[in-house]
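Here the structure is laid out as structure tokens; the discussion comes afterwards.
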Amino acid sequence: MNQLERIRRQHVKIMHHKMWCVMGPVVAMGRTEVRDDIPTACTDGVNKIYGEKFVAKLTDEELRFVILHEATHVAYTQLDVWRHLFEEDRKLANVAADLFVNLSLVDTDAGEGFIRMPEVGIPPDDKYRGWSVGKIYEDLKQNPPPDKGGNGSGDGQGFDEHDTSGAEGRSSSESQALVDEVGRLLRQGEIVRQQRSRDGAGKTPGVIDALLNPKVNWREALRDFIQELCGGREESSWRKVNRRYISNDVLMPSMVGYRMGELVVAIDTSGSCFGTGIMTRFVSELAGVIEQVNPERVRVLYWDTAVSGDQVFENGQFAVANVKPTGGGGTRVDVVFDYLREKRISPQAVVVLTDGDVGNEWGRSDWPTLWAVLGKNRAPYGVTLNIEE
């Protein structure tokens, strides 16, 4: 097979991997090309281009690393977010961006071996773990990296090029639209990853954890989650081929939309959370979103050390005035998911409002789960939204 076919085959393997499938929609985003005038690989923040001779020398594991390397640049919209750094010192910004990406990928793979970094490129440096591209860049200004003669692309020591011309041509509104689109694709990938998992999806891959759990306006994030996941049920159908993957010579079914079935809202009514003002505001905001989505059923569970109440609202008739919370005891969130399994309730998604004071006992969810946590705690799986006053 030619090198473009090799790349497309690795795209499919990434899309079907138990963890890396979260990056599938971003990998498929934009245009993928193989050219002989590209020494290694390149992205303009949307599209990905690969050098034919470079790809031919890579093993499948190395090729998957390069594909995910380019996709991570796109996922973090680095060419737009850090445009000013590339304008100030293109070479140093390239190094900083690659240090961030390579360390993130290696840490996320955690020795599994699905990806392997090629010999070219900038080796991960533990010093920069948890650092942003901007912070790495400032450190490199004080401690310039040795010049290895343009190893890789010629833009410093990286094995790829960063074509900033596309980002430079985008207006602020166009850059924000790109950020929003990438965020939407990542949420789609995370939903797929959770649905494929049999053990509650486990921990969100580190390379995108910060993207899925940012410090954002919780009202906007709650609305995005419900509308993205619950605006309508989707089922695959071969009656129409999914056009997103045709360019990769991959035939996959399209998703056919249906009205959402059941949404479960599990409200922590333990003593530290019960009756707080933020709880009232959260439920009010949730009611507004549900009114727009109009699911067939909203099931509200009240829980502390057990599920003490179960209210069902049909056809989206969820209102703050009708909510009748009960409880006031301790906190054991695992009882929520045990209750759903015992009662054979199969919602499309679960939204949990809690103070997060559950120790390490977060239970096991079999459904896409949004954690609305009062405070700074974060759940080990699902999407965490930290609610603050």
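The values are calculated or read from the model by the stated rules, or taken from the named source; none is laboratory data. Nothing here was measured: the structure is a model prediction, and the numbers come from that model. Cβ: placed from backbone, ideal geometry, glycine included. Neighbour counts: every protein chain shown.
Assorted remarks:
- For segment 364-377, the tally of residues that are over 15 Å from V335 (Cα atoms) and surrounded by fewer than 18 Cβ atoms within 10 Å (Cβ to Cβ) stands at 3.
- First in segment 1-18 and touching a residue at least 12 places away in the same chain (Cβ under 8 Å), second anywhere and assigned to a loop (DSSP other than H, G, I, E, B), Cβ under 8 Å, 6 or more apart: E5/D249; R8/D249; R8/V250; H11/V250; V12/V250; H17/F114; K18/S197
- Selected residue (only one of D37, D44, D60 is out of contact with any Pro (no Cβ under 7 Å at 6 or more places or on another chain) and free of Cβ contacts under 8 Å to residues at least 24 places away in the same chain): D37
- Candidates G134, G113 - the one that is assigned to a loop (DSSP other than H, G, I, E, B) and more than 21 Å from M29 (Cβ to Cβ): G113
- In the set D334, D338, D355, only one residue is farther than 23 Å from V22 by Cα, among the acidic types (D, E) and in contact with a Cys (Cβ under 8 Å, 6 or more places away or on another chain); that residue is D355.
- Residues that are in contact with a Phe, Trp or Tyr (Cβ under 9 Å, 6 or more places away or on another chain), buried (at least 22 other Cβ atoms within 10 Å of the Cβ), under 25 Å from I290 (Cα atoms) and free of Cβ contacts under 8 Å to residues at least 40 places away in the same chain do occur in segment 346-363, at least one of them.
Here's the yes/no breakdown for (1) in contact with a Leu (Cβ under 8 Å, 6 or more places away or on another chain); (2) at pLDDT 75 or above; (3) buried (at least 17 other Cβ atoms within 10 Å of the Cβ); (4) under 23 Å from A71 (Cβ atoms):
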| position | (1), (2), (3), (4) |
| --- | --- |
| P146 | no, no, no, no |
| L178 | no, yes, yes, yes |
| R187 | yes, yes, yes, yes |
| D199 | no, no, no, no |
| P205 | no, no, yes, yes |
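- Filtered residues of segment 88-103 (kept if in contact (Cβ under 8 Å) with a residue 12 or more places away in the chain and either surrounded by fewer than 24 Cβ atoms within 10 Å (Cβ to Cβ) or out of contact with any helix residue (DSSP H, G or I) (no Cβ under 7 Å at 6 or more places or on another chain) (or both)): D89, R90, K91, L92, N94, V95, D98, N102, L103
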